[in-house]
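Peer 1: I'd like to ask some things about the structure below.
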Amino acid sequence: MEPPSRRDHAVRALLAHGLLTDDQPLAALLDLRSVQETTAALHAAFDAVTAPGQPVLHTFAVKAGTLVPVLRLLDGFGIGSEVASPGELALARRAGLAPDRIVLDSPAKTEAELREALRLGIAMNADNPQELARLDALVPEHPGHGPVGLRINPQLGGGTIDAMSTATATSKFGVALRDPGARDWVVRAFLDRPWLTRLHCHVGSQGMALARMAEGVRESYELAEEINAAAGERRIDTLDIGGGLPVNFDSDEITPGFAEYARLLRDTVPGLFDGRYGLVTEFGRSLLAKAGAVVARVEYTKEAGGRPIAVTHAGAQVAVRTVFAPASWPLRVAVYDAKGAPSAEPAVRQDVAGPCCFAGDLVAIDRPLPRLRPGDVVALLDTGAYYFSTPFGYNALPRPAVYGFTVDGTGPAVFTPLRRAQTLEELVEESGGSL
């Protein structure tokens, strides 16, 4: 029998501390040591391939974890914030990030957002020619503005999940580089704007092959070289290569890793690491996913059509993508008894359902798992990114508490609140209850 994992210790402690109750039958866990290990792996991976003194800013895609204490923690581990909305920017600022550690990306920035970014001195990437035209009028009003870049789409094709593919021929993101006249327009845009100093390209996401991600970076690098040659000087000084490293949801193994990707980039685009360009990365899911678990109590069990069904408190309100696109976003489910020990029950094929009032609210379908019983606990694994930070408001279910945890040796787990559970009063107020 394998020794208990840090997650096993945390689940047991969650129950022992009375943190899973009738009032709060759902909670989320984030392994803080795992987060530290993953961020250290990212730093080490790029340190191994970059030139001495080459500027590198690793940022976290805030959409993957919209929790202020998590952003603060990551900042302490040397990871800035990539934000894509006024709300995400507000979260990064509340977390205390310095302006030079924040990058603003979004395909729909308002003029007010652009003014705010320029005023604060944070970096931003323009998405399209119309946005660049807005900046033409705004930049002269803010002489102390931060770096400004332009996002390109190399139109290399998609991955295995269409909705997550950002480099298709018709993607909504960036300037479509292979459209007629687009490349020449991009070169001219930089020649006409000395304040435009960065290129941004984000090809990766879940389901995208590493080789295609590296190809997108290569195209961005080659375009930067072309622009600098046309300008007769180093007009572009920084390449924002995005993020999107996919996550293995099939086991506890972390694959692919940051070191593998960094080596592939070095082999595919050697000039990227000779020190002439600063680098920015925007990893999200790959930094947090493996560190998290959503933990829920089994309320009832039943059978329908001969199939066992366990009704739990974790469904579409936290596992939105898994419920609505299970083929693309399957999750492993760990089963514990009422005291938090890994279940020793024999495996049977069964459904694991959530609490939402529609038939498709299932996080596992016909899955062989230890036979679930009322009072047992299920943990949805690899859910540290997106799952408990981007809730779905169906049925007005309150958002669960999120606890960071550390395990010293074999235990016990020590919890750090990262978000308290939403009360019913707060939910009502959010829904216009005082109007």
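We did not get these values from a lab; they are worked out from the coordinates using the rules stated. Just so you know, these numbers come straight off a predicted model, no measurement behind them. Cβ atoms come from the backbone with ideal geometry, glycine included; neighbour counts cover every protein chain shown.
Peer 1: Projecting each Cα onto the charge dipole of region 48-283 (Lys/Arg +1, Asp/Glu -1 at the beta carbon, about the Cα centre), which of L156, L89, L279 comes out farthest on the positive side?
Peer 2: With unit charges placed on the Cβ atoms, the residue in question is L89.
Peer 1: Continuing with this model, one more query. Within the set of other residues whose C-beta is less than 15 Å from the C-beta of Q24, count the net charge using Lys and Arg as +1 and Asp and Glu as -1. Write down the numbers at each step before the final one.
Peer 2: On the way: positive: R297, R399, R419, R420; negative: D22, D23, E299, E425, E426.
Result for the neighbourhood of Q24: -1.
Peer 1: Of the residues Q36, Q24, Q422, which exhibits the maximal mean-square fluctuation in a Gaussian network model of the chain defined by a 10 Å Cα contact cut-off?
Peer 2: Looking only at Q36, Q24, Q422, the largest GNM fluctuation is found for Q422.
Peer 1: Pull up all non-local amide H partners of I236: gap of 5 or more, or a different chain, and H-to-H distance under 5 Å with H placed in the peptide plane.
Peer 2: For I236, whose amide H was placed from the backbone, the distant partners under 5 Å are N228.
Peer 1: OK, next. Straight distance only, please: which aspartates and glutamates reach the Cα of K290 with their own Cα at less than 12 Å, same-chain residues fewer than 8 apart left out?
Peer 2: D31, E37, D250, D252, E253, D382
Peer 1: Here's a follow-up. For the chain, what does the helix formula give at 222 nm: sum of -39500 (n - 2.57) over DSSP H segments with n ≥ 4, over the residue count, nearest 500 deg cm²/dmol? Before the final figure, lay out the partial values.
Peer 2: Values: 12 runs with 124 residues, N = 435.
Result for the chain, helices only: -8500 deg cm²/dmol.
Peer 1: Here's another thing I want to ask about it. For region 48-283, with the dipole built from +1 on Lys and Arg beta-carbon atoms and -1 on Asp and Glu ones, taken about the Cα centre, which of A133, V247, L264 lies farthest toward the positive end?
Peer 2: A133
Peer 1: I'd like the trypsin sites (Lys or Arg not before Pro) in region 362-421 restricted to DSSP loop residues with at most 14 other Cβ atoms within 10 Å, sorted by number.
Peer 2: On the way: sites: R371, R419, R420; in loops: R371, R420.
Hits after loop and neighbour filter: R420.
Peer 1: Then there's this: Which one of V348, A316, S328 has its Cα pushed farthest toward the positive end of the charge dipole of region 306-351, where Lys and Arg give +1 and Asp and Glu give -1 at the Cβ?
Peer 2: Farthest along the dipole direction, towards plus: S328.
Peer 1: Summing +1 for each Lys or Arg and -1 for each Asp or Glu, what net charge is found among the other residues whose Cβ lies under 14 Å from the Cβ of S434?
Peer 2: Numbers: positive: none; negative: E425, E426, E429, E430.
Taking every Cβ under 14 Å from that of S434, the sum is -4.
Peer 1: About the Cα centre, and with charges only on the beta carbon of Lys, Arg (+1) and Asp, Glu (-1), how big is the dipole of region 81-126? Nearest 20 debye, please. Write out the running numbers ahead of the final one.
Peer 2: Details: 6 positive and 7 negative charges, 35 e Å.
Charge dipole of region 81-126: 160 debye, to the nearest 20.
Peer 1: How big is the charge dipole of the chain about its Cα centre, in debye rounded to the nearest 20, if each Lys and Arg gets +1 on its Cβ and each Asp and Glu gets -1 on its Cβ? Please list the in-between numbers first.
Peer 2: Numbers: 42 positive and 52 negative charges, 60 e Å.
Taking the Cα centre of the chain as origin, the dipole is about 300 debye.
Peer 1: While we're looking at this one, here's another question. Just A123, A92, A230 to compare: in a GNM of the chain, with alpha carbon springs under 10 Å, which one fluctuates most?
Peer 2: A230
Peer 1: Taking 7 Å along the Cα-to-C-beta vector as the label spot, tell me the A48-R276 distance in nanometres, rounded to one decimal.
Peer 2: The two pseudo-label positions are separated by 2.6 nm.
Peer 1: For the chain, the longest stretch holding no GluC sites (Glu not before Pro) located in a DSSP loop with at most 11 other Cβ atoms within 10 Å is which?
Peer 2: Working: sites that count: E233, E253.
Segment 1-232 is the longest.
Peer 1: So how do H202, H313 line up by other beta-carbon neighbours within 10 Å, fewest first?
Peer 2: Working: H202 27, H313 22.
Sorted ascending by nearby Cβ count, the order is H313, H202.
Peer 1: Is there a quick way to get the dipole size of region 48-283? I mean about its Cα centre, with the Cβ of Lys and Arg at +1 and of Asp and Glu at -1; what is the value in debye to the nearest 20?
Peer 2: 380 debye
Peer 1: Quote the FRET efficiency, to the nearest 0.05, computed for D179 versus R94 with a Förster distance R0 of 35 Å and r equal to the Cβ-Cβ distance. Numbers along the way, then the final one.
Peer 2: Working: r = 40 Å, r/R0 = 1.13.
Between D179 and R94 the formula returns 0.30.
Peer 1: By how many degrees, between 0 and 90 and to the nearest 10, does the Cα long axis of helix 258-268 differ from the longest principal axis of the chain?
Peer 2: 30 degrees
Peer 1: Note down the net charge around L381, summing +1 for each Lys or Arg and -1 for each Asp or Glu among other residues with Cβ under 9 Å from its Cβ.
Peer 2: Details: positive: R7, K290, R332; negative: D252, D382.
Net local charge, L381 excluded: +1.
Peer 1: Now for a different question. How many percent of the alpha carbon pairs in the chain exceed a separation of 27 Å? Could the numbers behind the result be given before it?
Peer 2: Details: 51915 of 94395 pairs.
Everything past 27 Å amounts to 55 percent.
Peer 1: Taking 0.36 nm per intervening residue step and subtracting the Cα-Cα distance, what contour gain separates E116 from R266 on full extension?
Peer 2: Values: separation 150, 0.36 × 150 = 54.00 nm, distance 3.60 nm.
Result for the pair: 50.4 nm of gain on full extension.
Peer 1: Further question: Taking only Cα atoms and a 10 Å spring cutoff, compute GNM fluctuations for the chain and point out the largest among A421, A359, A231.
Peer 2: A359
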